[in-house]
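Asker: Structure in structure tokens, see below.
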Amino acid sequence: MKLFWGDIHSHCGITYGFGSLTNALGAAREHLDFCAVTGHAMWPDMPELCSDTEFLISFHKTGFSKLRNNWESIRETINSYNRDHEFVTFQSYEMHGSTLGDYHLISPDDDLKLVYADNPHELLNKLPGSRAIMVPHHIAYASGYRGIDWNAFDRTISPVVEVCSKHGCSMSDKAPYPYYHNMGARDTHNTVYEGLRQGKRFSFVGSTDHHAGYPGSYGDCKLAVLCGEKTRDSIFNAICAGHTYAVTGDRIRCDFTVNGAPFGSFIRAGSQPREIVFDMKASHFIDKVVLYKNLRPVRIINGESLTGVNEKGRYKIRIEMGWGNNQDLFTWNGSVKIENGILTDVEKCFRGRSILAPSADLSASDNVNSIDNRILNSDENGLEWICQTVKNISPLHPSTSAIVLEVEGDLKTRITGKINNKNFSLSVSDLLEHSLVCPMKPFNSQSFKIYQAVPQLQYCLKLSYTDADREKDCDFYHAEIYQTNSSCAFISPVFVE
Ligand SMILES: [Zn+2]
């Protein structure tokens, strides 16, 4: 089984988002294993028309009819990017719901029909013979205000719930990334924890809900899927089986099992003890890892206790590019060679433009998502890349892009490279002490930063925990991982019956 990374909820100019569909699919193919580009399709209980809602209703209706008029060609384009074992696409469209909350449909079937209904069940009933699921999203908005109605939740049509996106994190009211979009605040009645507390059973996914055609845009959430191969059927079946988890930013890898069964499983344990094994590889310094039983923390590891520095082995080195005062794209050309060591992995943290929804003062062309973010070549000796960035939205809201290298070697391993016209050469030992920040111009400048190296002992962790106590008819165990750069992973529960 392997982990694959994707985004099953993102938008572009096929409805009321921005940017072309082909740019969106091209960007996704560059850094994801799979994606869905979702068309906004319907809002059966849309608010009444008044002067306050005029703009809202108008852009929704225009977007919905755009999708209806172009559905055949959109479906064909999405299908044309699907290449099993290389890059997988899904068909998808979205139903807003003031009272039931918003859901998006995803399907592996290219002949999927665009049908209209009053609720998620009715929608699927109108698609006999199609394989499809309905994923609730931005669930923690207030009831009646497009937050989830847990009473109406049905795991048979919704095996997974989107627990984080560009809207924020819906896990609980204590979770990081509270809601700050113009749709309002996070309500404790409609969180993931509340659904689990009420006995609902589902797995976690993250997706961006990006509206400027950049699926998987870094920092806006995505999902990991555990399955056998990178094909539509394998990935879709694993999502239906709940073998998924959510991350907000970095690709935190996690193998989490109870009695050998992976996240999302339903198992029977009888009276035998539950053996929980948790093997994780983060992308940055670990801040905290928490194992929960029935939403109660039973094992907590604080990052402060991870102080080991391996003198040989693996190290993570992050190179982040951006800053400056430019609204237009600034281009970065980078290359790195590894001496006395090898490059074992490269993680791409590429961003699109940050747009969550249309507003009256916003316009953008189909080219808004024409952004050249690519690894040009890489092998165990080094890599070359190109990426493009714009100024940060605010000091607390970055627009940077990054790559994260994993190198294997020792303290003398050297990272030598060039980014635009700036050269650098640093040993692992140098990077364990200090970062390197390099502005390109004397003032208000684009900059790059090579972060302090993270030693393997501070980003890899293996835990096991034995629990002999049966508390309920169905106990469940889930895990949460936090890094010091505020990336987190929400690992789906294993339900023990
Ligand atoms: Zn959406």
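The values are calculated or read from the model by the stated rules, or taken from the named source; none is laboratory data. Bear in mind that the values here come from a model prediction, so they are computed numbers and not experimental data. Positions of Cβ are generated from backbone atoms using ideal geometry, with glycine treated the same way; all protein chains shown enter the neighbour counts.
Asker: Among the listed residues 313, 308, identify the single one that is touching a residue at least 60 places away in the same chain (Cβ under 8 Å), more than 25 Å from the chain's Cα centre (by Cα) and assigned to a strand (DSSP E or B). Steps first, please.
Answerer: Working: 308 fails: assigned to a strand (DSSP E or B).
From the options 313, 308, the qualifying one is 313.
Asker: Additional query: If residue 157 satisfies all but one of (1) surrounded by 17 or more Cβ atoms within 10 Å (Cβ to Cβ); (2) in a helix (DSSP H, G or I); (3) away from the ligand (no atom under 16 Å from the Cβ), what's the number of the condition it fails?
Answerer: (2)
Asker: Go through (1) free of Cβ contacts under 8 Å to residues at least 60 places away in the same chain; (2) part of a strand (DSSP E or B) and name the single condition residue 452 misses.
Answerer: (2)
Asker: Just one of the numbered conditions (1) under 24 Å from residue 400 (Cα atoms); (2) surrounded by fewer than 19 Cβ atoms within 10 Å (Cβ to Cβ); (3) of a type in the set (Val, Ile, Thr) is not true of residue 355; which one?
Answerer: (2)
Asker: Right, next: Can you tell me which residues in the range 1-54 are polar (S, T, N, Q), part of a loop (DSSP other than H, G, I, E, B) and either free of Cβ contacts under 8 Å to residues at least 40 places away in the same chain or more than 12 Å from the ligand (Cβ to nearest atom) (or both)?
Answerer: 20, 51, 53 - these are the residues of the range 1-54 that are polar (S, T, N, Q), part of a loop (DSSP other than H, G, I, E, B) and either free of Cβ contacts under 8 Å to residues at least 40 places away in the same chain or more than 12 Å from the ligand (Cβ to nearest atom) (or both).
Asker: Being surrounded by 18 or more Cβ atoms within 10 Å (Cβ to Cβ) and either among the aliphatic types (A, V, I, L, M) or more than 18 Å from residue 330 (Cβ to Cβ) (or both) is the filter here, so list the residues in the range 431-451 that pass it.
Answerer: 431, 450, 451 - these are the residues of the range 431-451 that are surrounded by 18 or more Cβ atoms within 10 Å (Cβ to Cβ) and either among the aliphatic types (A, V, I, L, M) or more than 18 Å from residue 330 (Cβ to Cβ) (or both).
Asker: Is there any pair with a first residue in the range 248-264 that is basic (Lys, Arg) and a second that is assigned to a loop (DSSP other than H, G, I, E, B) whose Cβ atoms are under 7 Å apart and which are 6 or more apart or on different chains, and what are they?
Answerer: Between residues of the range 248-264 that are basic (Lys, Arg) and residues that are assigned to a loop (DSSP other than H, G, I, E, B), the close pairs are 251/283.
Asker: In the range 358-402, what residues are within 24 Å of residue 38 (Cβ to Cβ), buried (at least 19 other Cβ atoms within 10 Å of the Cβ) and not small (Gly, Ala, Ser)?
Answerer: Hits for the range 358-402 are 358, 368, 369, 371, 373.
Asker: On the basis of being assigned to a strand (DSSP E or B), over 21 Å from the mean Cα position of the chain (by Cα) and not hydroxyl-bearing (Ser, Thr, Tyr), does residue 275 make the cut?
Answerer: yes
Asker: Okay, next question. Return only the number of the condition from (1) within 16 Å of the ligand (Cβ to nearest atom); (2) part of a helix (DSSP H, G or I); (3) within 30 Å of residue 151 (Cα to Cα) that residue 66 does not satisfy.
Answerer: Just one mismatch for residue 66, condition (3).
Asker: Please state which one of 244, 231 is more than 16 Å from the ligand (Cβ to nearest atom), of a type in the set (Val, Ile, Thr) and either surrounded by fewer than 24 Cβ atoms within 10 Å (Cβ to Cβ) or free of Cβ contacts under 8 Å to residues at least 40 places away in the same chain (or both).
Answerer: Only one candidate qualifies: 231.
Asker: Shifting gears a bit: If a residue must be without any contact (Cβ under 8 Å) to a residue 24 or more places away in the chain and in contact with a strand residue (DSSP E or B) (Cβ under 6 Å, 6 or more places away or on another chain), how many such residues does the range 367-409 contain?
Answerer: Final tally of qualifying residues: 2.
Asker: Does residue 106 meet the test of being within 16 Å of the ligand (Cβ to nearest atom), part of a strand (DSSP E or B) and crowded, with 22+ Cβ neighbours inside 10 Å?
Answerer: yes
Asker: Another question, then. Is it fair to say residue 80 is more than 16 Å from the ligand (Cβ to nearest atom), over 26 Å from the mean Cα position of the chain (by Cα) and farther than 25 Å from residue 361 by Cα?
Answerer: The answer is no for residue 80.
Asker: Here is a list: 152, 212. Which entry is assigned by TED's automatic domain parsing to the domain that holds residue 10, within 16 Å of the ligand (Cβ to nearest atom) and of a type in the set (A, V, I, L, M, F, W, C)?
Answerer: Among 152, 212, only 212 is assigned by TED's automatic domain parsing to the domain that holds residue 10, within 16 Å of the ligand (Cβ to nearest atom) and of a type in the set (A, V, I, L, M, F, W, C).
Asker: Counting only residues that are farther than 21 Å from residue 120 by Cβ and surrounded by fewer than 20 Cβ atoms within 10 Å (Cβ to Cβ), how many does the range 83-103 have?
Answerer: Looking only at the range 83-103, we keep the residues that are farther than 21 Å from residue 120 by Cβ, and these are 83-89.
Restricting the remaining residues to those that are surrounded by fewer than 20 Cβ atoms within 10 Å (Cβ to Cβ) gives 83-87.
So the count comes out to 5.
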